[in-house]
């Protein structure tokens, strides 16, 4: 599918046309390069382009090979990304018809039920016909793609738990009346919300790999540019997208190249130790912060076309990876992001 193909899908605003919000854009790109970072939580004011930016990612996502007519987007070569039915056919040596499709982005509606998200088992059919009649949900559709939850802080905590468990394990299990169905559900979880409407519980927030905070653009000239570009896009989406075709192709190539380069990126033991020291001094619970910071630094190095992680790479992502893992102190006047940066500067001797 080309950038200008607006006949089969609703046209989306070009990612490279989005002005400002660099922190959010970086977090999204790094998760596309390495989905194991663990997703992004984006918190910001209303009307700051959170949903527009997330949906703009669709143009940058590569095409993937899937088993034809399979509801789980099964990978024809990787057993970890196959449904049970596809895996059985592979073991039997059957030839599987394949198709090449765009990586999917699934929107989770705010009022979605657990059955809609996880899928349902037809108990009556299972008992009478002896077959596991399973109706796949949104997690099946999101396998090998992106699951976007707008206003995630308004979602029922139990449903957020289900999403985070599936995102972390890569599998979704549905159990009803002693019947169990399991299918792959490996996706990048992206949540967005407005802090005025409440925060996620700390134990849920910690499960997101990165946390981007965005605010309203203050500079009058930038605001004018944003308004004008939006008006241009709304008037003639195809023409507007054509203006950014070159930059979109260039960014798409950078992301694809980075995905290929990722496995060769080295991170020195000295830097790994210092990252853990930063986490320790910030009193971050568990080791998730250390792991995510290591992964994000490698992904950024790959995005830059480097072969080794530098201090600059770690500095650019450390706040995104750790700010939401700090314990909340109601008497603390310093912003969590500033606190992370100060400890990082001290540990990495950035002031020298």
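Each Cα pair under 8 Å and six or more residues apart adds its sequence gap; the mean of these over the residue count of the stretch 164-206 is a relative contact order of 34 percent.
Between residue 217 and residue 51, the FRET efficiency from the beta-carbon distance, with R0 = 25 Å, is close to 0.95.
Compared with the direct C-alpha span, the chain from residue 342 to residue 307 gains 9.9 nm at full extension, assuming 0.36 nm per residue.
Each peptide in 44-53, 217-226, 184-193, 60-69 was scored by the mean count of other Cβ atoms within 10 Å over its residues; highest first, the order is 184-193, 44-53, 60-69, 217-226.
The distance between label points at residue 63 and residue 96 comes to 1.9 nm (points 7 Å beyond Cα on the Cα→Cβ vector).
Using R0 = 35 Å, the C-beta based FRET efficiency linking residue 85 and residue 169 works out to 0.95.
With the simple spin-label model, which puts each label point 7 Å out from Cα in the Cβ direction, the residue 350 to residue 114 separation comes to 4.3 nm. Taking 342, 23, 175 in turn, the Gaussian network model of the chain (Cα-Cα springs below 10 Å) assigns the largest fluctuation to 175. Inter-label distance, residue 224 to residue 19: 0.9 nm, where each label sits 7 Å from its Cα along the C-beta direction. In terms of surrounding Cβ atoms within a 10 Å radius of their Cβ, 303, 208, 240 rank from fewest to most as 240, 303, 208.
Every read-out reported here was derived from the displayed coordinates using simple, explicitly stated rules and does not represent laboratory data. Remember, it's a predicted structure, so these values are computed and weren't measured experimentally. Cβ sites come from the backbone with ideal geometry, for glycine too, and all protein chains shown count toward neighbours.
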